[in-house]
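The values are calculated or read from the model by the stated rules, or taken from the named source; none is laboratory data. Note that the coordinates shown come from a computational prediction; the quantities given were computed from them, not determined experimentally. Cβ coordinates were reconstructed from backbone atoms using ideal geometry, including for glycine residues, and neighbour counts include every protein chain displayed. Side chains included, ligands, DNA and RNA excluded: accessible areas come from the protein's heavy atoms. Shrake-Rupley method; radii C 1.70, N 1.55, O 1.52, S 1.80 Å.
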Amino acid sequence: MALRTAEEYKAGLRDNRNVFILGQKVPDVTEDPYIKVGVETAAFDFLMGHDEKLQEIAVMKDPETGEPISTYFEIPDYPEAVGKRHELIKSACYFAEGALPFVKDVGTDIINGLTAVTKIMGNEDYIKRINDYRWHCARNDLSMAGLVTDVKGDRSKGPGDQKTPDYYLRVVDETENEIVVSGAKAHITAGPYVDEFMVIPTRNMKEGEGDYAVAFAIPANTKGITQICRPNFRYDDKYHFPTPKPKRGHVESLVFFDNVKVPKERVFMLREWQFAQYVAYAFSAFHRYTAVTYKIPILEYMTGLGMLVAEANGVAKTSNVRERFIDMIKYTETTKALAMAAYSNPEDFGNSGLYVANRLNSNMAKLHFASNFHEFVRDIQDIAGGLLVTQPTYQDWKHEELHPYLEKYMGGAGNYNAEERLKLMSMLHHMVASDFAGWHEVCTIHGEGSFAAQKMMLFAEAPMDMYKDKAKEVLGLNV
Ligand SMILES: Cc1cc2nc3c(=O)[nH]c(=O)nc-3n(C[C@H](O)[C@H](O)[C@H](O)COP(=O)(O)OP(=O)(O)OC[C@H]3O[C@@H](n4cnc5c(N)ncnc54)[C@H](O)[C@@H]3O)c2cc1C
């Protein structure tokens, strides 16, 4: 099969998957008013391959058949592949009007992580299976979600010590050709609108916890899988002013596995508990860099919105607002610079022959991004003023009796007319003062791993001996 179109991708989602939202079963995820936002955002991953300007970056030749396939599936077995992927993800975000389409990057980050770890393990069966799976997804142009985070129960205890044995997903049965798994994975971005689920462990395991050390792939509509989605936002809301480019975003799901059968050719790790943490770590090494890359267009866009609202309010040149601008620029450009440093210094992951962005730099970038985002939002909220939350809605704007008042009073500094200023305020409300904005703030902290995950990687990767040696040298201490 060649590269699919967006319509073919959507048609593939009408497969009787068991998805719920607001307590109702969803008959067609492409038509649900909330999930549709995610489907339309994800569809950009399929539009890209057909866009003339992007083909060079988004499409490559299948090394065996010569057919066009998505570049996401490329094996990063040379250092420059890391920079190419940076450009691919960034271009995808600009193309998708500010959001990451998300249904090919996380899955291929897991494929790359598993490829590296199975090589390090030296397990030829697993190496072949993950390689076959990579090309199966590439040749069928499939979309994927990454299912890593378990529901965990008591965080102070490991999988084997929980009150409920299924708090971490586990193998409950095994035959010659398949395994059977039960458990739940939480917060799964794009879960309701992908073809495939890629499941890996979320943490380290100890002896006796082998059943929890399992990695596999499975179609999202497999019997025994149920998803509950949390509504995010919908296009047909009554508040916001329409814009030529619709808002983009994603929907997460809580995914239950109830005695789900997985064929062994799709199992990439089974009971090797010593490697569970390494799989999670390898995925993070690949995925954290994806995360910081896709934040860049969002930060640029939000910085621009903050500057425009200052102009609309006539405060763009005041010293207090310029201070805010400086902080916003510093934040956005430092995140960009750290991301660039990460891809400029790629590393061979564990001598596997697969290249990742520099782990110290990419974790610094993610930590910097997540640690300062709330202040960045605060600065935009400060510049915009109270209208951010009290602004009249689009319904009011369209009302015959109200419209003249709004025309007269909502004009601001005069460089934008009342409609333009309200449209700007409306978009800012969405970005920094809505339910979605709250989601975004939490996503910034926890999505792609919370602060502790980045700090652990910083400790693991920082050249601490080098720092100490430098100090010892100056002091004349024995090195
Ligand atoms: C919008 C969004 C999208 C996401 N998308 C995905 C996805 O697509 N796929 C996926 O697999 N996951 C996804 N995640 C999950 C994300 O990776 C997790 O939320 C994150 O790793 C934190 O895990 P948690 O939510 O269980 O919080 P917790 O682990 O409960 O963390 C809460 C706090 O407790 C601390 N803590 C937890 N355990 C310990 C401990 N043992 N000792 C000390 N402190 C501890 C943490 O450091 C943190 O400060 C997403 C999350 C969000 C918010």
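When 377, 389, 321 are checked against the criterion of being part of a helix (DSSP H, G or I), within 23 Å of the chain's Cα centre (by Cα), β-branched (Val, Ile, Thr) and more than 30 Å from residue 282 (Cβ to Cβ), a single residue qualifies: 377.
When residue 31 is tested against (1) surrounded by fewer than 19 Cβ atoms within 10 Å (Cβ to Cβ); (2) at pLDDT below 95, only condition (2) is not met.
Among the residues of the stretch 127-149, write down those that are of a type in the set (Phe, Trp, Tyr) and either within 10 Å of the ligand (Cβ to nearest atom) or open to solvent by less than 20 Å² (accessible area, probe 1.4 Å) (or both). Please lay out each step first, then the result.
Of all residues in the stretch 127-149, those of a type in the set (Phe, Trp, Tyr) come to 133, 135.
If the condition is that a residue be of a type in the set (Phe, Trp, Tyr) and either within 10 Å of the ligand (Cβ to nearest atom) or open to solvent by less than 20 Å² (accessible area, probe 1.4 Å) (or both), then 133 is the only one that fits.
Out of 132, 125, 154, one residue alone is under 30 Å from residue 204 (Cβ atoms) and in a loop (DSSP other than H, G, I, E, B). It is 154.
Within the stretch 150-185, can you find the residues that are of a type in the set (Ser, Thr, Tyr) and surrounded by fewer than 16 Cβ atoms within 10 Å (Cβ to Cβ)?
156, 164, 175
Does at least one position in the stretch 462-475 carry a residue that is in contact with a Phe, Trp or Tyr (Cβ under 9 Å, 6 or more places away or on another chain) and touching a residue at least 12 places away in the same chain (Cβ under 8 Å)? Give the derivation first.
Kept after step one, since they are in contact with a Phe, Trp or Tyr (Cβ under 9 Å, 6 or more places away or on another chain), are these residues of the stretch 462-475: none.
No.
Is it the case that residue 294 is under 30 Å from residue 26 (Cα atoms) and either assigned by TED's automatic domain parsing to the domain that holds residue 347 or part of a helix (DSSP H, G or I) (or both)? Yes.
Among the residues of the stretch 73-85, those that are in contact with a strand residue (DSSP E or B) (Cβ under 9 Å, 6 or more places away or on another chain) and not in a loop (DSSP other than H, G, I, E, B) comprise 73, 80, 81, 82.
Being among the polar types (S, T, N, Q) and in contact (Cβ under 8 Å) with a residue 60 or more places away in the chain is the requirement here; does residue 391 meet it?
Here the answer is no, as residue 391 does not meet what is asked.
For the stretch 150-164, filtering for residues that are within 6 Å of the ligand (Cβ to nearest atom) and small (Gly, Ala, Ser) leaves 1. Determine, yes or no, whether residue 455 is open to solvent by 90 Å² or more (accessible area, probe 1.4 Å), of a type outside the set (Gly, Ala, Ser) and closer than 30 Å to residue 145 by Cβ. Yes; evaluated as a whole, the condition is true for this residue. In the stretch 85-118, of all residues being open to solvent by less than 10 Å² (accessible area, probe 1.4 Å) and among the charged types (D, E, K, R), the one that is farthest from the ligand (Cβ to nearest atom) corresponds to 104.
State which residue is nearest to the ligand (Cβ to nearest atom) when the search covers only the stretch 409-452 and only residues that are among the β-branched types (Val, Ile, Thr) and open to solvent by less than 20 Å² (accessible area, probe 1.4 Å).
Filtering the stretch 409-452 for residues among the β-branched types (Val, Ile, Thr) gives 432, 442, 444-445.
Filter once more, keeping what is open to solvent by less than 20 Å² (accessible area, probe 1.4 Å): 432, 444.
Numbers: 432: 17, 444: 9 Å.
Selected residue: 444.
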